[in-house]
1. Which value, in debye to the nearest 20, gives the size of the charge dipole of region 28-91 about its Cα centre, when Lys and Arg are +1 and Asp and Glu are -1 at the Cβ?
2. By a straight-distance test (C-alpha under 26 Å), which lysines pair with LYS262 as possible cross-link partners, with residues fewer than eight away in the same chain excluded?
3. Is there a quick way to get the dipole size of region 202-358? I mean about its Cα centre, with the Cβ of Lys and Arg at +1 and of Asp and Glu at -1; what is the value in debye to the nearest 20?
4. When the convex hull of the Cα atoms of the chain is projected onto a plane and the area is averaged over all directions, what value comes out in nm²?
5. Please work out whether region 199-272 counts as rounded, prolate or oblate from its C-alpha gyration tensor, where a ≥ b ≥ c are the square roots of the eigenvalues and a/c under 1.5 means rounded, while otherwise a/b larger than b/c means prolate and anything else oblate?
6. Hand me the trypsin sites (Lys or Arg not before Pro) from region 139-190 located in a DSSP loop with no more than 10 other Cβ atoms within 10 Å, in residue order please.
7. What percentage of the solvent-accessible surface of region 201-246, computed with a 1.4 Å probe over protein heavy atoms, is contributed by carbon and sulfur atoms?
8. Which FRET efficiency, nearest 0.05, do PHE230 and ALA409 yield, Cβ-Cβ r, R0 56 Å?
Amino acid sequence: MNMQNPVEAQKLTITTDGQLQVPDCPIVLYIEGDGTGPDIWRATVRVLDTAVAKAYGDQRRIVWREILAGEKAFQQSGEYLPQESIAAIQEYLVALKGPLTTPVGGGFRSLNVTLRQVLDLYACIRPVRYYPGAPSPLKAPEKVNMVVFRENTEDVYAGIEWPAESPEARKVIDFLNSQLGCHIPLASGIGIKPMSAAGSQRLVRKALKYALAHKCASVTLMHKGNIMKFTEGAFKTWGYAVAAAEFGNQVLTEDQLAQDFKGQLPPGKILIKDRIADAMFQQVLLRPEEYSVIATPNLNGDYLSDALAAQVGGLGMAPGANIGDHYAVFEATHGSAPKYAGLDKVNPSSLILSGAMLLEYLGWTEAAELIHQGLGRTLLAGTVTYDLARLLPGAQELSCSGFAAALIANL
Ligand code: NAD
């Protein structure tokens, strides 16, 4: 470090029109996470710090500050998601988060879902990109290059549900049966699927802006609107409406493309199209090159992200970010994989790539690019963690920390 002119740690700030202001030495928060979280966090921070130092020398540096959530928070404060941690994200704006365990069948609601709702992180952004050398069930996995924009705050995921036989479920069923002509068996559990125009349109707007900024060819609205007409079907209608109203000069529908442009997308334009969710799962397997940005409601996006991850090496290779209008929390798509906790075994790539997304969000694209290249070289050399090694005959299996060291050597 240049001690004559040390860079001072500062907060990230945001202007009234939503522009992130990034100092050379920003304070960025991190949550280690449960289970394998500490292993992948240790590996990730080494890679990120080295990439930043390689790209910018003494000029830029991240100062990491820990905040607590999950089991570590519970042990120290008796709370799984302390208000202090939420307030810190509201103050410092950006965090990198390890996975948090959610006990199945009772206990508390998912901390991940709560964080997304409390901070209104309405877009879950999950890029899916193939790195040569990674295993894939596809014949031509290099055609896979998509970014999923999954709505994060609405849909059945909003958690509005009541168990069968509860007074609340009975009350809702009574109302539906007596007032609205439904025939729901009295002993049913009930879940509610709310989806709004505002919630859908801000997600599609973010997807379209991303597609324009990254010169992507298309945005696909993925929905199950043929059956769920007033939620998923409305998502499609609202999505096309926001595209026409706010991006009219830059987008074309498939009809416009066929009628006016003989199927050839003019440079600088984005094709907006829609696909029904079940068909979409086969499309991304058979014709992945036709999809770049996918905007979709919460539950569809959850399923599709894991399926796409499998096409490029599995959950160990799947990064993500939860972003709203003010705050951003970057996290791997996978969970805490508790059976490997503390074994220094799992693949840190998903959190490392989430960190690369964080660097891109800061505008530090050179450092992010070093990570993409370094990861590519490490995989091509056949040096991988256990999850990829078992699918790659002849590969050399490395530990979690060993993989980070190999990646750093390849930066
Ligand atoms: P999981 O993602 O932890 O594990 C699914 C499979 O993927 C397992 O076989 C696991 O070994 C493997 N895997 C996960 N991460 C890997 C990595 N980095 N490298 C290689 N293999 C990896 O999902 P799960 O078992 O369903 O859930 C465990 C816990 O995590 C649950 O409490 C769940 O609620 C929670 N969870 C948290 C998040 C989050 O924090 N955003 C996301 C999903 C699940």
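The values are calculated or read from the model by the stated rules, or taken from the named source; none is laboratory data. Just so we're clear, the structure is a prediction, and the values are computed from it rather than from any experiment. Methodologically, a virtual Cβ is constructed for each residue, glycine included, from the backbone with ideal geometry; neighbour enumeration extends over all protein chains shown. Heavy atoms of the whole protein, side chains included, go into the accessibility calculation; ligands, DNA and RNA do not. Shrake-Rupley method; radii C 1.70, N 1.55, O 1.52, S 1.80 Å.
1. It comes to approximately 400 debye.
2. Filter leaves LYS143, LYS209, LYS215, LYS236, LYS273.
3. Values: 15 positive and 14 negative charges, 25 e Å.
Rounded to the nearest 20 debye, it is 120 debye.
4. Working: hull surface 92.8 nm².
Across all orientations, the chain yields a mean hull projection of 23.2 nm².
5. Details: a/c = 2.26, a/b = 1.44, b/c = 1.56.
Oblate, since a/c reaches 1.5 and b/c is not below a/b.
6. Values: sites: LYS139, LYS143, ARG150, ARG170, LYS171; in loops: LYS139.
Passing both the DSSP loop test and the Cβ count: LYS139.
7. On the way: 1340 of 2120 Å².
That fraction is 63 percent.
8. Numbers: r = 55 Å, r/R0 = 0.98.
So the FRET efficiency works out to roughly 0.55.
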